């Protein structure tokens, strides 16, 4: 089997990866000195522009194939888990850090077993049932921002949005009311914030120093992971106790964790272990906090810098959903332009601008032979910045996601090229929940506040910092409350 590609001409032969263009490197180090970990996504994107949609490079002893063509990316991502997997390096680093494997890091049969459980928890009908819990957290964020607006204080945008997403995922996923927005208690968030940056740093380290000499930061990381793992065990014990005490909860689980536990033991499939459930709780905590919060931060930043789009989004929200206290799921579904703003944000500022996969067997991408074991760097922000797919590609134009001409023609074409949640069997299971969180927080902001400013530490454009997810650096927001 091979990744779907146009048929080769009768006289055309397959190319080898070594024949592809790419940046010149050094012996042993390869192109390692030509990238910075904090901007590695931009460095590889630059190579794709210089050398084309298929190129080669190496980082230390790791040889990689870069792919930026969206059709090839769709085919590659669909060929999972049989043809491609997440890299063994990602799996081994997660294991040695003490991270239990959830659906994000699992492969093969373990992934298939867990996928059913996780998808059951994130089913759109379940997400709709969690709406009241999410509304409560949105109201708390409104209260926090009211206090800041009335005092004229600057808001640390990402910090507040991460509190919002941690509270949301804890309530929705685990039935636990952490309430960091009102109490300023940030114990679990403080621990979570150490894990992704450390994971990313180890993934791209030339030499694994932590295996031989543990620094103070390494020891602090270990304590944070232990603390989060202990808290996750408490979440699971509490959920099992609730299910035991009230069997009716099994019919309509009120949160994702209980839905996963019920699904884990359902049917004839192999039962998912407590460790695998714990791994998926960790995945939801990490991914639910970081990715959604950073997408929201980028969206608010882009709206503030584009007054026409901001005014249109405000008009839509103030007409269709004017009071956050009375938000309904139907109102959120009606906010088409606001959702278009989210999609345009994810096109320009995807929090996962690349994925690295590993070929499990020999295959073919385009006219390139891919040996088993090849690592493929998927440039997710490649074709999304090409004029032939998105006119004025550098511009923030949410209207391109709205239906024009034939029903959904423009939006469907855009969604085919831009795939921020991935594609194929391993598409992000939490995408519906993420979009709902984004729309509710943004709608609350636009309904009840006017944005006075969103600034960066330097006063220049927001810098992109790659730290497992792509984050804007140091955004400060000031608001004026609407009466």
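The values are calculated or read from the model by the stated rules, or taken from the named source; none is laboratory data. Since the structure is predicted, the reported quantities are computational estimates derived from the model, not experimental observations. Positions of Cβ are backbone-derived with ideal geometry, glycine not excepted, and every protein chain shown enters the neighbour counts.
Checking the structure you have, find out if any residue of region 84-93 is buried (at least 21 other Cβ atoms within 10 Å of the Cβ), farther than 23 Å from residue 288 by Cα and at pLDDT 70 or above.
yes
Given the structure, is residue 447 assigned to a helix (DSSP H, G or I) and under 19 Å from the mean Cα position of the chain (by Cα)?
Spelling it out, it is not the case that residue 447 is assigned to a helix (DSSP H, G or I) and under 19 Å from the mean Cα position of the chain (by Cα).
Between residues in region 427-455 that are on the phi > 0 side of the Ramachandran plot and at pLDDT 90 or above and residues that are in a strand (DSSP E or B) and buried (at least 21 other Cβ atoms within 10 Å of the Cβ), which pairs lie under 7 Å by C-beta distance while being six or more apart or on different chains?
Hits for this filter: zero, empty list.
All but one of (1) crowded, with 16+ Cβ neighbours inside 10 Å; (2) in a helix (DSSP H, G or I); (3) free of Cβ contacts under 8 Å to residues at least 40 places away in the same chain; (4) over 21 Å from the mean Cα position of the chain (by Cα) hold for residue 219, so report the exception by its number.
Exception for residue 219: condition (1).
Looking at residue 351, is it assigned to a loop (DSSP other than H, G, I, E, B) and touching a strand residue (DSSP E or B) at 6+ places or on another chain (Cβ under 6 Å)?
It is true that residue 351 is assigned to a loop (DSSP other than H, G, I, E, B) and touching a strand residue (DSSP E or B) at 6+ places or on another chain (Cβ under 6 Å).
Looking at region 69-80, I want the residues that are under 9 Å from residue 423 (Cα atoms) and have a partner that is at pLDDT 95 or above with Cβ atoms under 6 Å, at least 6 apart or on another chain. Which pairs are those?
Qualifying pairs under 6 Å: 73/378.
Taking region 365-383, which residues are in a strand (DSSP E or B), modelled with pLDDT of 95 or more and more than 18 Å from residue 200 (Cβ to Cβ)?
Within region 365-383, 368, 369, 370, 376 meet the criteria.
Can you name every residue in region 1-33 that is surrounded by 14 or more Cβ atoms within 10 Å (Cβ to Cβ), at pLDDT below 95 and part of a helix (DSSP H, G or I)?
32 - this is the single residue of region 1-33 that is surrounded by 14 or more Cβ atoms within 10 Å (Cβ to Cβ), at pLDDT below 95 and part of a helix (DSSP H, G or I).
Please verify whether region 138-160 includes one or more residues that are touching a strand residue (DSSP E or B) at 6+ places or on another chain (Cβ under 7 Å), assigned to a loop (DSSP other than H, G, I, E, B) and modelled with pLDDT of 75 or more.
Yes - at least one qualifying residue is present in region 138-160.
Between a first residue in region 202-214 that is in contact (Cβ under 8 Å) with a residue 12 or more places away in the chain and a second residue that is surrounded by 11 or more Cβ atoms within 10 Å (Cβ to Cβ) and in a loop (DSSP other than H, G, I, E, B), which pairs have beta carbons less than 6 Å apart while being 6 or more apart in sequence or on different chains?
Partner pairs satisfying both residue conditions: 206/60.
What tally of residues in region 273-290 results from selecting those that are surrounded by 22 or more Cβ atoms within 10 Å (Cβ to Cβ), modelled with pLDDT under 75 and either in contact with a strand residue (DSSP E or B) (Cβ under 6 Å, 6 or more places away or on another chain) or not in a helix (DSSP H, G or I) (or both)?
The total comes to 0.
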